[in-house]
Amino acid sequence: MQIFIDTADTKELKAAFDTGLVDGCTTNPSLIAKAGRDFKEVIAEICEMTTGPVSAEVASTEADMMLKEGKRLAQIADNVVVKLPLTWAGLKTCKTLTEEGIKTNVTLCFSPNQAWLAAKAGATYISPFIGRLDDLGLDGMELIHDIRQIYDNYGYETKILAASIRSAGHCIDAAKAGADVSTIPPKVFNALLNHVLTDKGLADFVKDWEGTGQTIL
Ligand code: E4P
């Protein structure tokens, strides 16, 4: 499963890309607002950090404007993926951009039928929001399982991008459910590595090694 980082904070992104384990990035208008910087400038900066996909979301809710915005965003760099909301206007724009060879990420997916429509529109990625479904007492992970089954049944090539990830457990479950990618907030990405037994084991090894008085080099 690929790892994208879900943030527009370039400092946090740089640290994540420096691990060599991150495949791309997703942003959304809320994350851009939180970063408090010029949208196109931030996207350009992220695209220079990676050759992987970088999702940048349109602001308009109307198809003609979405198309113009999508084309403008795609001009920023070759690895920009245009993010579109799961509305009829978003799907129409997705179909047109796909026909023009521009990659798309259809976002705000909360049902298997929505994911099916996005695949029919030729979306490169579908973003089911796990955490926001869990917040309502529903089972977000069940949505990933359903979409996997539908896409596999019919050979849809749209990639399942598990979004709204809130915990390391979400990442494991998304991988088990067959998601192609998880987009993870920096805090959760850092938590993937942590295990108290690793810390304790390493401290013991370091102490015992020092006791031998040996060096390797
Ligand atoms: C995905 O592309 C979205 O940016 C993101 O995962 C939404 O997460 P949230 O529900 O924590 O805001």
Quiz item: Name the residues of segment 106-121 whose amide N is less than 14 Å from a point 7 angstrom out from the Cα of Gln2 along the C-beta direction?
Solution: 106
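Under a Cβ-Cβ cut-off of 15 Å, what is the net charge of the residues other than Gly131 that fall near it, where Lys and Arg count +1 and Asp and Glu count -1?
Its environment carries a net charge of -3.
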Practice problem: Could you tell me the distance between the Cα centroids of segment 93-127 and segment 168-207, to the nearest Å? | Solution: 30
Practice problem: Classify segment 1-147 as rounded, prolate or oblate from the Cα gyration tensor: take a ≥ b ≥ c as the square roots of its eigenvalues, call it rounded if a/c is under 1.5, otherwise prolate when a/b beats b/c and oblate if not. | Solution: oblate
Exercise. Mind sorting His195, His170, His145 by how few other Cβ atoms lie within 10 Å of their own Cβ, fewest first?
Key: His195, His145, His170
Practice problem: Starting at the first residue of segment 185-191, write each ³J(HN,Hα) from the Karplus equation 6.51 cos²θ - 1.76 cosθ + 1.60 with θ = phi - 60°, in whole Hz, x for Gly and Pro. | Solution: x, x, 4, 6, 4, 5, 6
Quiz item: What FRET efficiency do you get for Ile216 and Asn194 if R0 is 45 Å and r is their Cβ-Cβ distance, rounded to the nearest 0.05?
Solution: 0.95
Quiz prompt | Charge sum, other residues only, whose C-beta stays under 12 Å from Lys187's C-beta, Lys/Arg counted +1 and Asp/Glu -1 | solution = -2
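Just so you know, all these numbers are worked out from the coordinates, no wet-lab data involved. Bear in mind the structure is a predicted one, so any value in this text is a computation, not a measurement. Every residue, glycine as well, gets a Cβ built from its backbone with ideal geometry; the counts of neighbours run over all protein chains shown.
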